[in-house]
Amino acid sequence: MKYILVIGDGMADLPQDALGGRTPLEAAQKPLIDSLAARGIVGKARTVPIGVPPGSDTAILSIFGFDPREVYTGRSPLEAAGSGLELKAGNISFRCNLCAISELGEGGAYEEQTMLSHSGGAIEGELAQALMRDLIADEGFAALLAEYGLWFQVNPSYRHIAVLEKGSDRVTLEPPHEILGQGIKKYLPKGDGEGMLLALMKASYEILGRHPINEARRREGKPAANSLWFWGQGKAVRLSDFGENFGHFGGVITAVPLVKGIARLAGLPAPEVEGANGELDTNYEGKVEAALLSLQKNDFAALHIEAPDEMSHAGDLEKKLEAIARIDRRVFAPLLVGLDKLKEPYRILFLSDHYTLLSSGGHEGSPVPFLLYDSRVDLGRGLPYGEPSAELGGLMEDATKLMPLLFEQ
Ligand SMILES: [Zn+2]
């Protein structure tokens, strides 16, 4: 018997006028998924407990059987684990974006600037890395880091990790993608360590602002990647062992450090897949191959597809529809062929981890539609997979019960 979890990140959404009142899931071309739904169980699950911030971090913890109210300390410690960083007791880790904020001419105070881009104007990985390396090597900046006991894991993207050896996570920090186009003043750090974080942000603005890479970007009409922005902080996380919890084991295939981190902290392997990038043009087939390879040795595998969430943050309806259609065409098609070749019965749990609304570009915590298919039986009502069908299927109030449902426990 084989058990497969497939997460389409951020697929769930509200009815769209442009779709005649249908949701993207209802309107997308997904014949295979709908054929499984017609013979499976379609219901709703509350992956984000009430009062908990909606996001992949909290929702996917629930899906893997961990109650975020008990284990969630912030986004960054999960990403740190996914990037191979082992946090020690007392450490606080922060997500640190290399952002682009406005440059209101000579002497414009940092606090008076506006958030232009959470990704440094979609700066290329190697350029972001070079900027970060030069920043950290700057004498004045290095002295600040030494004084505060803070260091960076620099990644080939605008997403970096900062680790504070000793400190507090009681500080209010705002995700930069939530404040695009807004003045930064009211979103600056507030709480423990606010002075330290602001000093580092202002120093980065000073140093990066005059860096040749940014001078070249200005000449090319691109925003300068000129400011660090800290958020998603948290203490080191300990998760119990997934294999011990459920008696099943296997690989988690994803491009996203956050999901890799949850897998690794839960004792599950998260192999790298060439070309898996969390974007619309990710290597779908390579990811399915990796999942099928895991299923040859084990009885469980999980596949996480980030693209629908990214397209929703971008507010792009056409691309969200295409992302869902690619999950059907380039994930489910090869997956079902591969499963048939394994010649064993199987159960598939397919769901959106949370809502990501095209209208706001933000996450939303309503219960999500899930589909459970069992190759041995026809359990279905002949309904397609989507929010309206799930409405008819009843609500699973506690999504940590999804894995026991998949594993028939
Ligand atoms: Zn997500």
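Considering only the Cα atoms of the range 214-273, their convex hull presents on average a projected area of 6.5 nm².
Between the range 149-189 and the range 233-254, the alpha-carbon centres lie 26 Å apart.
On a per residue basis, the range 200-250 carries 44 Å² of accessible surface, using protein heavy atoms and a 1.4 Å probe.
Comparing mean-square fluctuations of 330, 75, 381 from a GNM of the chain with C-alpha springs under 10 Å, the top value falls on 381. Take the convex hull of the alpha carbons in the chain; its mean projected area over all directions comes to 19.6 nm². Amide H contacts of residue 355: 364, 366, each under 5 Å away and 5 or more positions distant or on a separate chain (H built 1.01 Å from N in the peptide plane; Pro and chain starts excluded). For a modelled paramagnetic label at residue 165, 7 Å from Cα along Cα-to-Cβ, the residues of the range 135-154 in reach, with backbone nitrogen under 20 Å, are 136-154. Using only side-chain charges placed at the Cβ, +1 for Lys and Arg and -1 for Asp and Glu, the dipole size of the chain relative to its Cα centre rounds to 540 debye.
Against the chain, whose longest principal axis is taken from its Cα atoms, helix 333-342 shows a tilt of about 60°.
Exceedance of the 27 Å cut-off in Cα-Cα distance is limited, within the set 88/297; 44/341; 2/401; 297/319; 88/287; 2/287, to 88/297; 44/341; 297/319; 88/287. The label point for residue 136 and the one for residue 366, both projected 7 Å from the Cα toward the Cβ, are 4.3 nm apart. Net length available on complete extension from residue 39 to residue 185 is 47.2 nm, with 0.36 nm assigned per residue and the Cα-Cα distance removed.
On a per residue basis, the convex hull of the C-alpha atoms belonging to the range 92-234 measures out at 96 Å³. Using alpha carbons only, how many degrees (0 to 90, rounded to 10) separate the axis of helix 125-137 from the longest principal axis of the chain? Here the helix axis deviates by roughly 40 degrees. With a Förster radius of 35 Å applied to the C-beta separation of residue 112 and residue 279, the computed FRET efficiency comes to 0.55. Cα-based values for the range 177-234, radius of gyration first and Dmax second, are 13.1, 39 Å.
Residues in the range 162-203, backbone N under 17 Å from the label point at residue 143 (7 Å along the Cα-to-beta-carbon vector): list them, ranges by number please. Counting backbone N atoms under 17 Å from the label point, the list is 196, 199-203. Could you check the spin-label model distance between residue 238 and residue 391? Points 7 Å from the Cα along Cα→Cβ, value in nm. Using points 7 Å along Cα→Cβ, the separation is 4.5 nm. For residue 86 and residue 398, the difference between the fully extended length at 0.36 nm per residue and the C-alpha to C-alpha distance is 109.3 nm. In degrees, nearest 10, range 0 to 90: what is the angle between the Cα axis of helix 284-297 and the longest Cα principal axis of the chain? Result, in degrees: 60.
Kirkwood hydrodynamic radius for the range 10-56: how many Å is it when counted over pairs of different Cα atoms? All intermediate terms of the calculation are to be shown ahead of the outcome.
Details: mean 1/r = 0.0776 Å⁻¹.
The Cα-based Kirkwood calculation yields 12.9 Å.
Each of 68, 380, 43 was placed along the dipole of the chain (beta-carbon charges, centred on the mean Cα), and the one lying farthest toward the positive end is 380. Surface composition of the range 92-234: carbon and sulfur atoms hold 54% of the protein heavy-atom accessible area at a 1.4 Å probe.
As an exercise, use a Förster radius of 22 Å and the Cβ-Cβ distance of residue 359 and residue 177 to find the FRET efficiency, rounded to the nearest 0.05.
Approximately 0.90, to the nearest 0.05.
What you get for the range 92-234, charging only the Cβ of Lys and Arg (+1) and of Asp and Glu (-1), is a dipole of about 280 debye around the Cα centre. Label sites at residue 325 and residue 215, each approximated as a point 7 angstrom past Cα along Cα to Cβ, lie 4.7 nm apart.
Which one of 192, 34, 13 has the biggest mean-square fluctuation once the chain is modelled by GNM with Cα springs under 10 Å? So, out of 192, 34, 13, the one fluctuating most is 192.
The values are calculated or read from the model by the stated rules, or taken from the named source; none is laboratory data. Everything numeric here is computed off the predicted structure, so don't read it as measured data. Methodologically, a virtual Cβ is constructed for each residue, glycine included, from the backbone with ideal geometry; neighbour enumeration extends over all protein chains shown. Protein only, heavy atoms only, side chains kept; ligands, DNA and RNA dropped before computing areas. Shrake-Rupley method; radii C 1.70, N 1.55, O 1.52, S 1.80 Å.
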